[in-house]
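Asker: After the C-alpha cells below, expect a handful of questions from me.
The values are calculated or read from the model by the stated rules, or taken from the named source; none is laboratory data. Because the structure is a prediction, the values reported are computed rather than measured. Because the Cβ atoms are built from the backbone with ideal geometry, glycine has one as well, and the counts that use them run over all protein chains shown.
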Amino acid sequence: MDRTYTMSDRITEDRATLMATAVTEPVGFRDSDAPLPPIDRPLPVGSRPRFDTAAKRALDITASLLALLALLPLILIVALLVRIDSPGPAFFRVRRIGRNGRDLMMVKFRKMRDDATGIALTTHGDERLTRIGGFLARTKLDELPQLWHVLRGDMSLVGPRPETVDFVAHHRDEYDEILSVRPGLVGFSQIAFLTEGRILNAHDPLHHYVSAILPQKVTLDLMYARERTVWLDVKILAWSAIAVLLRRDVAVSRETGRMNLRRR
C-alpha cells in the first residue's frame, strides 16, 4: 500500500531517510526561503467540471497508450544503449511526491553512472552523466518511461513536475494545492525551465535552484492547478513539442501563463 504524506502535517519525518534514490537527495540546505513571485490577479479555486476531468483522463489514456505502442522500438533501443554504454540497469526509480502527497516511484532511463551520488539536480556538463546520458538529458528522452505512469493514472501528460520531499517542504502550503492534481510529464515549469541545467549557477546550483528557480516553478504550478482545462493541456502539449522537438526557446508568463516564442 502506498504511504500518504499529508502536507498539513508539515512532513515532520526525517527527510533524509525518505530519499532512497539513485542520486542522493539534498537535505537541510536553507536558512530562509525566497518569496514567491507575485501573481497579477487572484486565481479562482474550484472543482473541475466532471466532463473536463473525464476528458483529461481520456486524453491521458489514449495518448499514452498510442505513444507507448509507437515508441516501443525507440524505448527498447535506448534501453539497450544505456546498458551497453555503462555498467548498471537501463532504468532507475526516484522517489517523488505525487498526487495528494503519495509516494511516486518515478521511472526514468538511467542517465548517470550507476554509482553516482550528489544533489538531485542535473547541471550543464555534469560529470556524473554517461555518454548516452548526456544525450538523453538534452533531448528529454530519459522521461519516456513515465508514459507508463500516465497510463496507470499515477501521472498525467500535463501537470506540475513532481519534486522531492525536500523541495516540497520549502513551500508546504502551496504544495497542498499543487498536489491536488496529478503530476505531469510536461507543464508550465518544464517549458519555462527546459534548459535548467544551463541556467543553474555552477558554483552553488542547489542554493540557486531553491532561492531563484523553485519559487518561480511553484508560482507556475499553482497557476496550472487553479486554471487547468483540457484546452490548456492541449496548448501546453503543443508548446512543449515546439520547445523539445524544434529546439525553440519558449517563454511562459509568470503572471498569466501565456506562452510565446522567446525573443532572441
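Asker: Could you tell me whether region 176-192 includes any residue that is hydrophobic (A, V, I, L, M, F, W, C), in a helix (DSSP H, G or I) and more than 11 Å from the chain's Cα centre (by Cα)? Talk me through it step by step, then tell me what you get.
Answerer: Taking region 176-192 and keeping what is hydrophobic (A, V, I, L, M, F, W, C), we get 178-179, 181, 185-186, 188, 191-192.
Among the residues that remain, those that are also in a helix (DSSP H, G or I) are: 178, 188, 191-192.
With the extra rule that they be more than 11 Å from the chain's Cα centre (by Cα), the set shrinks to 178, 192.
Among the residues of region 176-192, at least one is hydrophobic (A, V, I, L, M, F, W, C), in a helix (DSSP H, G or I) and more than 11 Å from the chain's Cα centre (by Cα), which makes the answer yes.
Asker: To continue, here is another question. Of R96, R152, which residue is touching a strand residue (DSSP E or B) at 6+ places or on another chain (Cβ under 7 Å) and at pLDDT 95 or above?
Answerer: Testing whether each residue is touching a strand residue (DSSP E or B) at 6+ places or on another chain (Cβ under 7 Å) and at pLDDT 95 or above leaves just R96.
Asker: Here's another thing I want to ask about it. Given the conditions (1) closer than 28 Å to D154 by Cβ; (2) in a helix (DSSP H, G or I); (3) small (G, A, S), which single one is not true for S211?
Answerer: Unmet for S211, out of (1) closer than 28 Å to D154 by Cβ; (2) in a helix (DSSP H, G or I); (3) small (G, A, S): (1).
Asker: Looking at region 155-214, which of its residues are of a type in the set (F, W, Y) and either over 14 Å from N100 (Cβ atoms) or surrounded by fewer than 23 Cβ atoms within 10 Å (Cβ to Cβ) (or both)?
Answerer: F167, F188, F193, Y209
Asker: Here are some residues: A34, A20. Which one is modelled with pLDDT under 90, assigned to a loop (DSSP other than H, G, I, E, B), small (G, A, S) and out of contact with any helix residue (DSSP H, G or I) (no Cβ under 9 Å at 6 or more places or on another chain)? Walk me through how you get there before you give the answer.
Answerer: Working: A34 fails: out of contact with any helix residue (DSSP H, G or I) (no Cβ under 9 Å at 6 or more places or on another chain).
Sole residue among the options that is modelled with pLDDT under 90, assigned to a loop (DSSP other than H, G, I, E, B), small (G, A, S) and out of contact with any helix residue (DSSP H, G or I) (no Cβ under 9 Å at 6 or more places or on another chain): A20.
Asker: Sticking with this structure for a sec: Being touching a helix residue (DSSP H, G or I) at 6+ places or on another chain (Cβ under 9 Å) and under 27 Å from L206 (Cα atoms) narrows it down to one of L121, L68, so name that one.
Answerer: Going through L121, L68 in turn, just one is touching a helix residue (DSSP H, G or I) at 6+ places or on another chain (Cβ under 9 Å) and under 27 Å from L206 (Cα atoms): L121.
Asker: Restricting the search to region 88-118, which residues are of a type in the set (A, V, I, L, M, F, W, C) and within 24 Å of M155 (Cα to Cα)?
Answerer: A90, F91, F92, V94, I97, L104, M105, M106, V107, F109, M112
Residue-wise test of (1) farther than 22 Å from A58 by Cβ; (2) surrounded by fewer than 17 Cβ atoms within 10 Å (Cβ to Cβ).
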site: M112; (1), (2): yes, no
site: D126; (1), (2): yes, no
site: I132; (1), (2): yes, no
site: K140; (1), (2): yes, yes
site: Q146; (1), (2): no, no
site: H149; (1), (2): no, no
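Asker: While we're on this one: Could you list all residues from region 238-262 that are buried (at least 18 other Cβ atoms within 10 Å of the Cβ) and over 12 Å from A192 (Cβ atoms)?
Answerer: If the condition is that a residue be buried (at least 18 other Cβ atoms within 10 Å of the Cβ) and over 12 Å from A192 (Cβ atoms), then V244 is the only one that fits.
Asker: Here is a further query. Which of the residues spanning region 126-169 are over 25 Å from I236 (Cβ atoms) and either in contact with a helix residue (DSSP H, G or I) (Cβ under 8 Å, 6 or more places away or on another chain) or not in a loop (DSSP other than H, G, I, E, B) (or both)? Break it down stepwise before answering.
Answerer: First, pick out the residues of region 126-169 that are over 25 Å from I236 (Cβ atoms): 126-134, 165-166, 169.
D126, L129, T130, R131, I132, G133, G134, V165, D166, A169, listed by residue number.
Asker: Which residues, taken from region 50-83, are more than 22 Å from the chain's Cα centre (by Cα), at pLDDT below 90 and surrounded by 11 or more Cβ atoms within 10 Å (Cβ to Cβ)?
Answerer: Passing the criteria: only D52.
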